[in-house]
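Trainee: If you scroll down you'll find the structure; I have some questions about it.
The values are calculated or read from the model by the stated rules, or taken from the named source; none is laboratory data. In this text the structure is predicted, and so the values were computed from the model without any measurement. When we count neighbours, we look across all protein chains shown, and the Cβ atoms used for this are built from the backbone with ideal geometry, even at glycine. Ligands, DNA and RNA are stripped out before the accessible areas are found, and what is left, the full protein with its side chains, is counted by its heavy atoms. Shrake-Rupley method; radii C 1.70, N 1.55, O 1.52, S 1.80 Å.
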Amino acid sequence: MQFAFDNTYARLPRELFAHVEPTPVDDPQLIAFNSELADLLGVDAGDYDPADIAQLFAGNRLPQGAEPIAMAYSGHQFGGFSPVLGDGRAILLGEVVGRDGVRRDIQLKGSGPTPFSRRGDGRSALGPVLREYLVSEAMHALGVPTTRALAAVWSGESVFRETPLPGGVFVRVARSHIRVGTFQYLRARDDLDNLRQLLDYSMQRLDPQAADADNPALAFFAGVISRQAQLVAAWMSLGFIHGVMNTDNTSISGETIDYGPCAFLDAYDPAKKFSSIDHGGRYAFHNQPPIAQWNLARLADTLLPLIDEDQDKAIAAAKRELEAYARQIEAAMIERFAAKLGIAAGDDASWSLAESLLQLMHRERADFTRTFRHLANALDGDDAPLRSEFADPRAPLEWLDEWRADLARRGIATKDASRRIRGANPAVIPRNHRIEEVINAGIEGDFAPFHRMHQALQTPYEERAEDGIYRLAPRPEEEVQATFCGT
Ligand code: AMP
Ligand code: MG
């Protein structure tokens, strides 16, 4: 298999990474290979031999042109600053420019220790590998910016967490792995020369027009802000909880990155959190928009010296951008929730309709995904499925009348509204209880459930008969209460 590597990050100042080779594993076996993505990357897979590419993606044999490095970064984790984190279990092989002209990183995750591993083993358990594969590819199919899955490999070795677990290697593809924490790493060292270089590099790679602006650092900041606002609005509209929105997990490309303790809502609860380590609910569902702003403010801290020599002026300019974030995410959420209700252009009225439905759903423990999807059936004349989502099926009757009246007032045709609803509200999402089933089967060596679920997640807005089980909410005894970091 040939990758046309064209590595640029490895040309950056040495402070930003460490050279490191993956550590081979005993007996790697290929679980999944994303040939469609490989094709986009311009990778010539040819008539590949699974055993052969398992060697490659496990890190046992490096592809030609790879220059393996571990990236350095800091991070605010649950609000506390760690000056040195870095890739403790990930190794960047290099970059390729795809058929679409986009440069992307190819990274191994779980391929052995690096200089940033601290006390960690540099490995991944198989479960988190399967979860990241399924959820990141599902996010892509849902239309949400995200890192992608190129391959999953079973390492043939055990990793030790509380108990021995089968190990895995995940091959991740991203627009770039530069995070807010990468900027923080240089700022924490007062290394302004390299910070300037990192900014130039990031602009060139992700925001070439920012480099031509009057104030490039500020224009770059504004670009990161609008990508985060769009991203988090998309999460909110789909009931996605990232779970660990630390600044080291906030990509400046605006892609969802690091699917550790992430989960989709089942019953709607704005304060819902799944992560077992998120004791205070810092990363609970409804906290995601303000937390993203907090993370962006940490990026601003690092950029201030590059925005203006006069720090008061720099702070004022950064503050204006952070206020723009609040307006942008609000506008994006109004649009998205309007579409969820079948309304083309959102406004205050559509937002209050959405809010009153959400309040009812919370009170009545209605399933987030199913309730919104059933709005289309309700418009088509059958509101029984929707009402059955509510503890008291009479609860949404009044709201339904109000909503229909609103659509009529707007002159929206029923068939347009239901088409819009079915395009904004998925039928199939990667529910936690199904992921758990897939992982449990995978640990036993049975990957058929993984492949079946992956297939269903490719067409999330369709209701195919064979995907019925992926549209079901968990029964009470199936419900997953807590998720764990992918460590
Ligand atoms: P994460 O929770 O995946 O965002 O990881 C946070 C930090 O811990 C990053 O610096 C990771 O590289 C590091 N880390 C997580 N798991 C491991 C591991 N098994 N071995 C070494 N480092 C790890
Ligand atoms: Mg991380």
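Trainee: Kindly list the number of the only condition in (1) over 17 Å from L92 (Cβ atoms); (2) open to solvent by 10 Å² or more (accessible area, probe 1.4 Å) that fails for A125.
Mentor: Only one criterion is unmet by A125, namely (2).
Trainee: Is it the case that some residue within region 457-469 is closer than 30 Å to R123 by Cβ and assigned to a helix (DSSP H, G or I)? Walk me through how you get there before you give the answer.
Mentor: First, the residues of region 457-469 that are closer than 30 Å to R123 by Cβ: 457-458.
Applying the additional criterion that residues be assigned to a helix (DSSP H, G or I) yields 457.
Checking region 457-469: at least one residue is closer than 30 Å to R123 by Cβ and assigned to a helix (DSSP H, G or I).
Trainee: Which one of R471, R387, R404 is open to solvent by 70 Å² or more (accessible area, probe 1.4 Å) and more than 16 Å from ligand 1 (Cβ to nearest atom)? Walk me through how you get there before you give the answer.
Mentor: On the way: R471 fails: open to solvent by 70 Å² or more (accessible area, probe 1.4 Å); R387 fails: open to solvent by 70 Å² or more (accessible area, probe 1.4 Å).
It is R404.
Trainee: Can you report the number of residues in region 1-36 which are more than 30 Å from Q184 (Cβ to Cβ) and part of a helix (DSSP H, G or I)?
Mentor: So the first thing to find is which residues in region 1-36 are more than 30 Å from Q184 (Cβ to Cβ), and the list is 1-4, 24-36.
Checking the rest, the ones that are also part of a helix (DSSP H, G or I) come to 35-36.
Number of matching residues: 2.
Trainee: S158 is checked against (1) surrounded by 17 or more Cβ atoms within 10 Å (Cβ to Cβ); (2) under 21 Å from V25 (Cβ atoms); (3) of a type in the set (S, T, N, Q); (4) free of Cβ contacts under 8 Å to residues at least 60 places away in the same chain and fails just one. What number does that condition carry?
Mentor: It is condition (1) that S158 fails.
Trainee: Further, regarding this structure: Are there any pairs with C-beta distances below 9 angstrom linking a residue in region 76-102 that is β-branched (V, I, T) to a residue that is open to solvent by 10 Å² or more (accessible area, probe 1.4 Å) and within 12 Å of ligand 2 (Cβ to nearest atom), with the two at least 6 apart or on different chains, and if so which?
Mentor: Short answer, once both residue conditions are applied: V84/Y73; V84/F116; I91/K109.
Trainee: Now a separate question. Within region 162-217, which residues are within 14 Å of ligand 1 (Cβ to nearest atom), within 20 Å of R103 (Cα to Cα) and in contact with a helix residue (DSSP H, G or I) (Cβ under 6 Å, 6 or more places away or on another chain)?
Mentor: Once the filter is applied, which keeps residues that are within 14 Å of ligand 1 (Cβ to nearest atom), within 20 Å of R103 (Cα to Cα) and in contact with a helix residue (DSSP H, G or I) (Cβ under 6 Å, 6 or more places away or on another chain), region 162-217 yields F170, R179, V180.
Trainee: Right, something else. With the structure loaded, tell me whether D258 is away from ligand 2 (no atom under 16 Å from the Cβ) and buried (at least 22 other Cβ atoms within 10 Å of the Cβ) or whether it fails that test. Please lay out each step first, then the result.
Mentor: Numbers: away from ligand 2 (no atom under 16 Å from the Cβ): no; buried (at least 22 other Cβ atoms within 10 Å of the Cβ): yes.
No: the conditions fail for D258.
A quick yes/no check of all residues on (1) within 13 Å of ligand 2 (Cβ to nearest atom); (2) under 20 Å from S251 (Cα atoms); (3) open to solvent by 10 Å² or more (accessible area, probe 1.4 Å); (4) among the basic types (K, R):
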| site | (1), (2), (3), (4) |
| --- | --- |
| D49 | no, no, yes, no |
| Q64 | no, no, yes, no |
| Y73 | yes, yes, yes, no |
| F81 | no, yes, yes, no |
| G88 | yes, yes, yes, no |
| I91 | no, yes, no, no |
| L108 | no, yes, no, no |
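Trainee: In addition: Within region 261-270, work out how many residues are more than 16 Å from ligand 2 (Cβ to nearest atom) and either open to solvent by less than 10 Å² (accessible area, probe 1.4 Å) or touching an Asp or Glu at 6+ places or on another chain (Cβ under 7 Å) (or both).
Mentor: Going residue by residue through region 261-270, those that are more than 16 Å from ligand 2 (Cβ to nearest atom) are 263-270.
Now drop any that are not either open to solvent by less than 10 Å² (accessible area, probe 1.4 Å) or touching an Asp or Glu at 6+ places or on another chain (Cβ under 7 Å) (or both), which leaves 263-267.
Of the residues in that region, 5 qualify.
Trainee: Let me ask something else. Considering each of A366, A332, A339, A324 in turn, give the residue that is open to solvent by less than 50 Å² (accessible area, probe 1.4 Å) and under 16 Å from W399 (Cα atoms). Steps first, answer last, please.
Mentor: Details: A332 fails: under 16 Å from W399 (Cα atoms); A339 fails: under 16 Å from W399 (Cα atoms); A324 fails: under 16 Å from W399 (Cα atoms).
Of the residues listed, the single one that is open to solvent by less than 50 Å² (accessible area, probe 1.4 Å) and under 16 Å from W399 (Cα atoms) is A366.
Trainee: Sort out which residues of region 214-262 are over 18 Å from Q77 (Cα atoms), out of contact with any His (no Cβ under 9 Å at 6 or more places or on another chain) and aliphatic (A, V, I, L, M), and write them in order of number.
Mentor: A217, L218, A219, A222, V224, I225, A229, L231, A233, A234, L238 - these are the residues of region 214-262 that are over 18 Å from Q77 (Cα atoms), out of contact with any His (no Cβ under 9 Å at 6 or more places or on another chain) and aliphatic (A, V, I, L, M).
Trainee: Still on this structure, I have one more. Just one of L199, L192, L186, L206 is crowded, with 24+ Cβ neighbours inside 10 Å, more than 14 Å from D258 (Cα to Cα) and not assigned by TED's automatic domain parsing to the domain that holds L108; which is it? Please lay out each step first, then the result.
Mentor: Working: L199 fails: crowded, with 24+ Cβ neighbours inside 10 Å; L192 fails: crowded, with 24+ Cβ neighbours inside 10 Å; L206 fails: crowded, with 24+ Cβ neighbours inside 10 Å.
Only one candidate qualifies: L186.
Trainee: Okay, next question. Using the structure shown, decide if V84 is in contact with a Leu (Cβ under 9 Å, 6 or more places away or on another chain) and outside any helix (DSSP H, G or I).
Mentor: Numbers: in contact with a Leu (Cβ under 9 Å, 6 or more places away or on another chain): no; outside any helix (DSSP H, G or I): yes.
When the stated conditions are applied, V84 does not pass them.
Trainee: Please pick out the residue among I277, I315 that is outside any loop (DSSP other than H, G, I, E, B), of a type in the set (V, I, T) and open to solvent by 10 Å² or more (accessible area, probe 1.4 Å).
Mentor: Details: I277 fails: outside any loop (DSSP other than H, G, I, E, B).
Testing whether each residue is outside any loop (DSSP other than H, G, I, E, B), of a type in the set (V, I, T) and open to solvent by 10 Å² or more (accessible area, probe 1.4 Å) leaves just I315.
Trainee: Which of the residues belonging to region 463-487 are more than 23 Å from Y259 (Cβ to Cβ) and not aliphatic (A, V, I, L, M)?
Mentor: Going through region 463-487, the residues more than 23 Å from Y259 (Cβ to Cβ) turn out to be 463-466, 468, 475-477.
Result: E463, R464, E466, G468, R475, P476, E477.
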